[in-house]
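Written below as structure tokens is the structure these notes are about.
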Amino acid sequence: MIETSSKAKHGQGRNCVITRRACFSSSHLYWLPEFSDSENAARFGPCALSPGHGHNYELIVSMVGELDSAGMVLNLSKVKHFIRNEVTDPLDFRFLNDVWPEFDLTNPKGSLPTTEALVRVIWTRLKPHLPLVALRLYEHPRLWADYLGNTMEAYLTLRTHFAAAHRLAQEELSQEENEKIYGKCARPNGHGHNYLVDVTVRGSIDERTGMVCDLAALQCLIDDLVVEPFDHTHLNKDIDHFKTCVPTAENIALHIADRLTNPIQAIGVNLHKIRLQESPNNAAEVYAEKPQIDSMQ
Ligand SMILES: [Zn+2]
Ligand SMILES: [Zn+2]
């Protein structure tokens with residue numbers, strides 16, 4: 001309730017989202033008993049190699065609520081306690097396949113402990129204790145999953161990079177006019193960036209594989225349709241689309257989304273978002289469908 005008296009504490013009763021980060025190191029193995037060794041190897045690649053491999057996971061817990069009279073949504077010591085009790089203590093330095101019944105593969109309902117399956121199970125463990133709005137789980141800095149509490153739906157993001165040159169200028173304008181609009185970026189011979197591309201897909205977690213899609217197939221699409229054609233090019237000169245379209249970060253992000261939307265649908269997921277980072281100082285994000293995950297960076 002919002003306190004209206006003159007003695008109201010600052011912020012009391014107003015809504016706020018808070019986040020807490022937690023880390024753990026765990027190992028896992030992608031190997032389904034109903035598949036032969038060669039089928040497991042074909043499907044899961046090196047992730048099927050016995051006895052498994054490990055990751056340094058990073059979990060970002062987002063919670064929402066009204067500020068109390070102490071100016072907090074929740075007491076952080078409580079938040080830390082539940083995250084430790086329910087997540088980091090059971091998972092840290094453990095073999096994920098053995099930790100929770102959800103990952104018991106001898107049970108036909110058990111799934112592989114993928115990033116997206118793990119973040120969903122973490123949600124079921126934390127939700128009774130904390131007012132969650134979103135969870136993000138990084139398997140490593142180039143692969144993470146987001147879960148918003150919607151049954152089996154999860155978001156998976158792959159980060160990749162390419163290096164390319166570009167020049168921001170419109171052909172029909174003079175050099176002086178272009179420099180007025182684009183500044184140094186309009187200089188005649190161009191300049192370059194190490195671009196980071198985050199491709200976020202949305203899909204349903206498979207109850208057995210624990211995956212929203214075949215990760216290797218997704219990586220192949222990104223490599224074939226974005227990295228390979230763009231890497232070490234001059235975008236204006238080498239990519240047909242940018243012969244007539246100024247390759248700003250916004251336009252590059254849109255073009256990547258247009259290239260990937262249909263092929264990604266063909267592997268059973270929806271392209272949700274493209275984030276293109278040109279430098280540590282600027283990035284562009286475009287949604288290929290109704291935005292749901294906010295930037296948590
Ligand atoms: Zn792994
Ligand atoms: Zn530039």
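Given the conditions (1) over 14 Å from TRP123 (Cα atoms); (2) touching a strand residue (DSSP E or B) at 6+ places or on another chain (Cβ under 7 Å), which single one is not true for ALA42?
Only one criterion is unmet by ALA42, namely (2).
Given the structure, is CYS213 farther than 30 Å from ASN236 by Cβ and modelled with pLDDT of 95 or more?
yes
Can you work out which of the residues in the range 263-289 that are closer than 15 Å to LEU221 by Cβ and without any contact (Cβ under 8 Å) to a residue 24 or more places away in the chain is surrounded by the most Cβ atoms within 10 Å (Cβ to Cβ)?
GLN265
Just need a number here: residues in the range 44-73 that are away from ligand 1 (no atom under 16 Å from the Cβ) and either outside any loop (DSSP other than H, G, I, E, B) or modelled with pLDDT of 95 or more (or both).
The number of residues fulfilling the criteria is 8.
I need every pair where a residue in the range 26-38 that is under 22 Å from TYR57 (Cβ atoms) has its Cβ under 6 Å from the Cβ of a residue that is surrounded by fewer than 21 Cβ atoms within 10 Å (Cβ to Cβ) and of a type in the set (Phe, Trp, Tyr), sequence separation at least 6 or different chains.
SER27/PHE95
Tell me which of these GLU34 doesn't satisfy, since it passes every other one: (1) within 16 Å of ligand 1 (Cβ to nearest atom); (2) more than 25 Å from the chain's Cα centre (by Cα); (3) under 21 Å from VAL212 (Cβ atoms).
(1)
Can you list the helices (runs of 4 or more DSSP H) found entirely within the range 146-259 that contain at least 1 residues being acidic (Asp, Glu) and surrounded by fewer than 18 Cβ atoms within 10 Å (Cβ to Cβ)?
Ranges flagged: 175-182, 235-238.
Is it the case that the range 78-85 has a residue that's away from ligand 2 (no atom under 16 Å from the Cβ), out of contact with any helix residue (DSSP H, G or I) (no Cβ under 8 Å at 6 or more places or on another chain) and polar (S, T, N, Q)?
yes
For TRP144, are the conditions met, namely being away from ligand 2 (no atom under 16 Å from the Cβ), within 21 Å of PRO101 (Cα to Cα) and not small (Gly, Ala, Ser)?
Against the criterion (away from ligand 2 (no atom under 16 Å from the Cβ), within 21 Å of PRO101 (Cα to Cα) and not small (Gly, Ala, Ser)), TRP144 does not qualify.
What residue, among those in the range 102-145 that are in a helix (DSSP H, G or I) and of a type in the set (D, E, K, R), is farthest from THR19 (Cα to Cα)?
Going through the qualifying residues, I end up with GLU102.
Within the range 217-240, is even one residue closer than 27 Å to GLU153 by Cβ, within 16 Å of ligand 1 (Cβ to nearest atom) and either out of contact with any Ser or Thr (no Cβ under 7 Å at 6 or more places or on another chain) or touching a residue at least 12 places away in the same chain (Cβ under 8 Å) (or both)?
For the range 217-240, residues closer than 27 Å to GLU153 by Cβ, within 16 Å of ligand 1 (Cβ to nearest atom) and either out of contact with any Ser or Thr (no Cβ under 7 Å at 6 or more places or on another chain) or touching a residue at least 12 places away in the same chain (Cβ under 8 Å) (or both): present.
Please determine, by comparing only the residues of the range 11-25 that are without any contact (Cβ under 8 Å) to a residue 60 or more places away in the chain and in a loop (DSSP other than H, G, I, E, B), which one is nearest to ligand 1 (Cβ to nearest atom).
ARG14
Answer yes or no: is there a residue in the range 153-162 that is modelled with pLDDT of 95 or more, within 16 Å of ligand 2 (Cβ to nearest atom) and either under 17 Å from GLU278 (Cα atoms) or β-branched (Val, Ile, Thr) (or both).
Yes.
List the pairs whose first member sits in the range 50-61 and is farther than 19 Å from ASP89 by Cα and small (Gly, Ala, Ser), whose second member is within 13 Å of ligand 1 (Cβ to nearest atom) and not in a strand (DSSP E or B), and whose Cβ atoms are under 6 Å apart, counting only residues at least 6 apart or on separate chains?
Short answer, once both residue conditions are applied: GLY52/LEU29.
Is there a residue in the range 4-27 that is at positive phi, surrounded by 10 or more Cβ atoms within 10 Å (Cβ to Cβ) and modelled with pLDDT under 95?
Checked the range 4-27: at least one residue is at positive phi, surrounded by 10 or more Cβ atoms within 10 Å (Cβ to Cβ) and modelled with pLDDT under 95.
Being under 20 Å from the mean Cα position of the chain (by Cα) and either within 14 Å of PRO113 (Cβ to Cβ) or not polar (S, T, N, Q) (or both) is the filter here; which residues of the range 48-69 pass it?
Residues satisfying the conditions are GLY54, HIS55, TYR57, GLU58, LEU59, ILE60, VAL61, MET63.
Tell me which of these SER77 doesn't satisfy, since it passes every other one: (1) surrounded by 13 or more Cβ atoms within 10 Å (Cβ to Cβ); (2) part of a helix (DSSP H, G or I).
Here SER77 clears every test but (1).
The values are calculated or read from the model by the stated rules, or taken from the named source; none is laboratory data. Bear in mind the structure is a predicted one, so any value in this text is a computation, not a measurement. Neighbour counts run over all protein chains shown; Cβ positions are idealised from the backbone, glycine included.
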